[in-house]
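Working notes, structure below.
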Amino acid sequence: MVQRKRVGITAMQRLVTFGDSITDGHYLDNPKTESWPALLSRMLNIPVKNRAVPGSGNLEILNNILNFKFKFGDLVIIGWSLLYRDLIFNNIKNRRIAHWLDRDDYDLWSNIHSETDMATRSGLYIHHTDLYLKSKNLDCYQFFSGHRKDKGPKFIKKPNSWINKTIQTVEDYANDNMHPGPISQKLMAERLFRIINDE
């Protein structure tokens, strides 16, 4: 359970979410109505800005958070991604490292970075996000939005904004038979709603 003082549900003006394809609602029939951010915003009766990007790794998610223009009263929820994704910054176009992209790049990258290394890096991104959003007086919840049975970073100390409860379970699948389907997305929204309301 998140252990931090919050401004309260009545002060929430907008839901802002970050993450990868799961938070985006990738491969759902209608992500703008079926994704957990869309469903949660309706439960909270506030608008949503879903800034999740399919394929994002945790460095890309952090970069998107740091470049977003937050407003007073924003409720921020981050579904962090898989450890074995990365982003290489470039002046022309940033390059993603992932197993479904350039396999040679990914093999070279994964031989250099151990799971401990990537968990530690993700832990730094998660803690930086916690401190950054606290400095803006924004309520924040963070969790690992892993695929299937992935457990998330094992080597990091979680900040107070970390949700220690399981948020995602796959009860059904989206159109690609890999991503969470509408029932799973609804369950995620309901679990987050209960946590936000301290139920």
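The values are calculated or read from the model by the stated rules, or taken from the named source; none is laboratory data. Bear in mind that the values here come from a model prediction, so they are computed numbers and not experimental data. When we count neighbours, we look across all protein chains shown, and the Cβ atoms used for this are built from the backbone with ideal geometry, even at glycine. Ligands, DNA and RNA are excluded from the accessible area calculation, which covers all protein heavy atoms including side chains. Shrake-Rupley method; radii C 1.70, N 1.55, O 1.52, S 1.80 Å.
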Consider ILE61 carefully, then state whether it is under 12 Å from the mean Cα position of the chain (by Cα), β-branched (Val, Ile, Thr) and not in a helix (DSSP H, G or I).
-> no
Would you tally the residues in region 156-199 being touching a residue at least 40 places away in the same chain (Cβ under 8 Å) and among the aromatic types (Phe, Trp, Tyr)?
-> 2
Considering every residue within region 149-172, establish whether at least one is open to solvent by 10 Å² or more (accessible area, probe 1.4 Å), more than 20 Å from ILE61 (Cβ to Cβ), modelled with pLDDT of 90 or more and outside any helix (DSSP H, G or I).
-> yes
Only one of these conditions is not met by ARG194: (1) modelled with pLDDT under 95; (2) exposed (fewer than 13 other Cβ atoms within 10 Å of the Cβ); (3) over 15 Å from the mean Cα position of the chain (by Cα). Which number is it?
-> (1)
Taking the stated definitions as given, is SER56 open to solvent by less than 20 Å² (accessible area, probe 1.4 Å), among the hydroxyl-bearing types (Ser, Thr, Tyr) and part of a helix (DSSP H, G or I)?
-> no
Picking from SER110, SER81, the residue that is of a type in the set (S, T, N, Q), in contact (Cβ under 8 Å) with a residue 12 or more places away in the chain and over 24 Å from MET188 (Cα atoms) would be SER110
